[in-house]
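Trainee: Quick one: structure below, then a few questions.
The values are calculated or read from the model by the stated rules, or taken from the named source; none is laboratory data. Quantities reported herein were computed from a predicted structural model and do not represent experimental measurements. Please note: Cβ atoms are built from the backbone with ideal geometry, for glycine as well, and neighbour counts cover all protein chains shown. Surface accessibility is based on the protein's heavy atoms, side chains included, excluding ligands, DNA and RNA. Shrake-Rupley method; radii C 1.70, N 1.55, O 1.52, S 1.80 Å.
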Amino acid sequence: MARPFPYTYISCPCAETPTPDPSAKRTSRDLSSKKNAGQSAASESGEEGDEQAFDPRSPRANFSLYPPEQLLFCEDCHQIKCPRCITEEIVCWYCPNCLFETPSSMVRSEGNRCARNCFTCPVCTAPLAVTTLENTTESHAHQGPWILACGYCMWTTLDIGLKFDKPTNIRIQLSKIYENANGRKASKTVSGLKSSLSTLSSMSEQLPGPDEEGDDGSRNPKEQSQLDHNARFAALKTFYRNQIAETSASPTDPLGSDFGAIFSSPSALNRIMSIYTSSTLGGPYGAAAKKQKSKLPVMREALTASEGLKIPPPDAERFIIERVTSPDCGWDGLASMDQRAFQSPDARFVDDLRPLPVLLRTKRSKRCKSCKHILVKPEFKPQSTRFRIRLIALSYIPLSTLRPLVPSPYPGQLPSSTTSPSISAPSLDALEPSKPIQFLLTLKNHLFDPVNVTLATPSLTPGRVTSKITILCPQFELGANSDVWDEALQNATATADRSSRSGSGFEKVAEAGKVWDKGRNWTTVVLEVVPGTLPGSSPRPTLQLGGKKVHDARETSDKWENTSPLREDEDVIEIPIFVRLEWDSENQMIEQPMGKGQKPETIKRELAYWMVLGAGRIKSEDASL
Amino acid sequence: MPPKATKGEYIETDTGNKISRRSLIHGPQHIILGGKTVIQADAVIRGDLFRLAHSTSSSSSSLGGGGGGKEQSGSAAAAKTASPSPSVAITLGRYSYVSKQVILRPPSRLHRGVHSFYPLKIGDHVFIGERAVVEAASVGNHVHIGKDVVVGSMAILKDFAYVLDGAVVPPGMVVPSWCVVGGAPARIVGELGEGYGVEGADGGLARDRYRMVGR
Ligand SMILES: [Zn+2]
Ligand SMILES: [Zn+2]
Ligand SMILES: [Zn+2]
Ligand SMILES: [Zn+2]
């Protein structure tokens, strides 16, 4: 999701562990962070912060920056946890369309899809609705036949000639329709072949003779091509299961039980070993084994359509090509790659597309990857939005909001006046280069202890377009959070308070070293930004491209100079800020709200991380050129 | 006060609703606002499309007969949706925000040859972006609907659903909680973080948004 300005991202500290540091240094740090994960890692990342500033433009940054609401917090590790630092466990499977749960025992057999009436359109992916074919009046007691219809692209199952007798259990009806279609078409040949199945499977010598093949070949392949993909898979599966059963040495061989087991089971290895040993060893055992082996049929491949073999007719390709080129097919008659990705491999045309049962989704609980502590546990029911456990970063780290100082506090969202694009509201999507703009950065504390905050930022934003950043008051305190009820009671007064402040604050001038505004558990400081000038606006025409290119090839670092045109989002001002929090918390439990009594024991806590503020986009002068 | 909108752009009701004078509200007697609801300029809210027994296909004129509609719909055999008072066309919850040029339109369905409207229920803390057209059957709490979105007839957006800008939610689609949908037709493209909707963070800004209106 591209976010509107201003936005906040927080860098998960996990991204710092594999930084390309001198290797010796890194290993030592890895060790130490393993020993006492939390605090030391935090403090070390702090040290590192002094060394090198976080670069939001570096390719790695993409993998560590997250919107704050996506981050979790592990109390044991005392660290922020991003989606990369956690493991997930499925709590339940549910259909996103009917929101019914599918028991985990059923999930596999249903192919991870809803077994009810939920289908998506094979043409456009929109959900299909069950509707009557005839929109009959109430007098008619009997409704239907029923169809599945897409309300988005107007595709219906009538397009592929499908109707349903009942409006319920569509998936069962569908599979029956498919089966019948196969059955009817293949019955003549399959039933004939089925009788010879037992004999066929016994020995491989019964390969269909040349005349027999010719006899079938004219008729059979066409029928086979009609065989449903799933039915063929099932036939193949049973065929190979039978093959395993028949070719395995003893009827009690566990291999015959499941098809998958043969390849993974250690008993398969035993069987192979027994073959070797029996043949090499003499004696009665060996002889007996040999005798038995000679009797056993050799495993073979599927030979007939009933076994799942499919021989494409020799003219199949030509047939498809002819159809593709025919005027009544055209571009619209062909299934797109996206459509075919979820269909049977044979589906080439729009008429081959079948409605798709809706894929299930999951609710998942989340654990810390390093200490296995549970961080998120949602309520079991699919429709519930509650959590049994939810340790989100926002209840530990302060919530930061940024807004431009002078005009309306919500610029992108609601310039509530429609007619006047007033001068007062500078669009954050077009900041004037070199023209200083002041922002209010508010941090709101969610801990029940007061927190000391230290902010640090490079004076110039990294990258080619350097904007000047000054935090007028980089050190301040956040008051403790209090109970929800207190907050609710104070809310009305607080807002009134705030409004009066901002009213008077309009004439207020930001001063260095002074906090702009302060509330019970929040503090606002001023951040001054001088947007940089974009490259290429003036110097570009003067450059000789050819000569410069050679230069670039020699020195890659030079590429970052003024030569290349503006890259994507290079005109966005992203301010890296190193946030360091220090507070005294009660022993062990940080988050117990019962900490109102006297504090018997306190621990110094510390947390540090990089935060990136997206302040706005620098106005391009090229636009006028 | 910062130089702001023309004074008195909004009508503030007893329950704190802020309604732009330039919004177009049809059939207000069929609309329920939960309080502290914001309706911006040029938003169109079609309270006049409430349920009648017989074809209401051409009833764009706001018919004041709420009682009459009740009687007639009582005679209709297919009173499937259990709405206590059928004359309510649109419900908007607390702190919900309707941006400029939004169109809210009760969903409709052709049932047994009769075209009838169903109520549009929108929950609390819902944000509806500019120029969006919403014809859903229900929109849960804390739902975000981006700008230029079209939510098709009878769609259901569960609590904490998130519709990306420009998406077209097809008719009848269900968007589960915490799911992000986008594209045309919309499909599930992601999930929201667990912190979404926390007061003051993304998804939890409804109160702030309300406060800023008309100041
Ligand atoms: Zn991480
Ligand atoms: Zn379903
Ligand atoms: Zn479709
Ligand atoms: Zn942990």
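Trainee: Which is in contact with a His (Cβ under 6 Å, 6 or more places away or on another chain) and small (G, A, S), of B:G193, B:G197, B:G152?
Mentor: When all the criteria are applied, what remains is B:G197.
Trainee: Before we move on, is B:V126 open to solvent by less than 40 Å² (accessible area, probe 1.4 Å) and either facing another protein chain (nearest Cβ under 10 Å) or without any contact (Cβ under 8 Å) to a residue 24 or more places away in the chain (or both)?
Mentor: no
Trainee: Same structure, new question: Considering every residue within segment A:140-147, establish whether at least one is modelled with pLDDT of 70 or more, more than 16 Å from ligand 1 (Cβ to nearest atom), more than 14 Å from chain B (Cβ to nearest Cβ) and surrounded by fewer than 14 Cβ atoms within 10 Å (Cβ to Cβ).
Mentor: Checked segment A:140-147: no residue is modelled with pLDDT of 70 or more, more than 16 Å from ligand 1 (Cβ to nearest atom), more than 14 Å from chain B (Cβ to nearest Cβ) and surrounded by fewer than 14 Cβ atoms within 10 Å (Cβ to Cβ).
Trainee: Further question: Go over the candidates A:P67, A:P96 one by one and state the one that is open to solvent by less than 20 Å² (accessible area, probe 1.4 Å), at the interface with another protein chain (Cβ under 8 Å from one of its Cβ atoms), touching a Gly at 6+ places or on another chain (Cβ under 7 Å) and at pLDDT 90 or above.
Mentor: A:P67
Trainee: Something else: Being open to solvent by less than 50 Å² (accessible area, probe 1.4 Å) and either closer than 30 Å to B:G214 by Cα or more than 16 Å from ligand 1 (Cβ to nearest atom) (or both) is the filter here, so list the residues in segment A:390-410 that pass it.
Mentor: A:L394, A:S395, A:P398, A:L399, A:S400, A:L402, A:P404, A:L405, A:P407, A:S408, A:P409, A:Y410
Trainee: Output the residues belonging to segment A:70-92 that are buried (at least 21 other Cβ atoms within 10 Å of the Cβ) and on the phi > 0 side of the Ramachandran plot.
Mentor: Those that are buried (at least 21 other Cβ atoms within 10 Å of the Cβ) and on the phi > 0 side of the Ramachandran plot: none in segment A:70-92.
Trainee: I'm checking my understanding of the structure. Among residues of segment A:82-93 that are closer than 15 Å to A:K377 by Cα and within 16 Å of ligand 1 (Cβ to nearest atom), which one is nearest to the other protein chains (Cβ to nearest Cβ)?
Mentor: That would be A:P83.
Trainee: Sticking with this one: Within 13 Å of another protein chain (Cβ to nearest Cβ), basic (K, R) and either farther than 30 Å from A:L391 by Cα or within 16 Å of ligand 3 (Cβ to nearest atom) (or both): does that describe A:R108?
Mentor: no
Trainee: Another question, if that's okay. Quick one: is A:D165 within 15 Å of ligand 3 (Cβ to nearest atom), open to solvent by 70 Å² or more (accessible area, probe 1.4 Å) and either within 13 Å of another protein chain (Cβ to nearest Cβ) or touching a helix residue (DSSP H, G or I) at 6+ places or on another chain (Cβ under 9 Å) (or both)?
Mentor: no
Trainee: Can you list residue pairs whose Cβ atoms sit under 6 Å apart, with the first residue in segment A:384-399 being without any contact (Cβ under 8 Å) to a residue 24 or more places away in the chain and the second being in a loop (DSSP other than H, G, I, E, B) and polar (S, T, N, Q)? Count only pairs 6 or more apart in sequence or on different chains.
Mentor: The qualifying pairs are A:T385/B:S177.
Trainee: A follow-up question, please. Given the options B:I156, B:I128, name the one that is modelled with pLDDT of 95 or more and closer than 30 Å to A:S400 by Cβ.
Mentor: B:I128
Trainee: Among what's in segment A:363-405 and is away from ligand 4 (no atom under 16 Å from the Cβ) and of a type in the set (G, A, S), pick the residue that is farthest from A:L65 (Cα to Cα).
Mentor: Checking each candidate, the answer is A:S384.
Trainee: Filter segment A:107-119 down to the residues that are open to solvent by 50 Å² or more (accessible area, probe 1.4 Å) and modelled with pLDDT under 90 and list them by number.
Mentor: Answer for segment A:107-119, where residues must be open to solvent by 50 Å² or more (accessible area, probe 1.4 Å) and modelled with pLDDT under 90: A:R108, A:S109, A:R116.
Trainee: Considering segment B:169-195 alone, what residues qualify as being within 7 Å of chain A (Cβ to nearest Cβ) and more than 21 Å from A:C92 (Cα to Cα)?
Mentor: B:P170, B:P171, B:G172, B:M173, B:P185, listed by residue number.
Trainee: Which condition number does B:G166 fail, the rest of (1) open to solvent by 10 Å² or more (accessible area, probe 1.4 Å); (2) at the interface with another protein chain (Cβ under 7 Å from one of its Cβ atoms) being met?
Mentor: Looking at each condition in turn, B:G166 falls short on (2).
Trainee: Filter segment B:195-215 down to the residues that are touching a strand residue (DSSP E or B) at 6+ places or on another chain (Cβ under 6 Å) and crowded, with 23+ Cβ neighbours inside 10 Å and list them by number.
Mentor: B:G195
Trainee: Can you tell me which residues in segment A:120-138 are at pLDDT 90 or above and assigned to a loop (DSSP other than H, G, I, E, B)?
Mentor: A:C121, A:P122, A:V123, A:C124, A:T125, A:A126
Trainee: Show the residue pairs meeting these rules: Cβ distance below 7 Å; 6+ apart or different chains; first residue within segment A:563-580 and part of a strand (DSSP E or B); second residue modelled with pLDDT under 80.
Mentor: A:P576/A:A53; A:F578/A:G49; A:R580/A:G46
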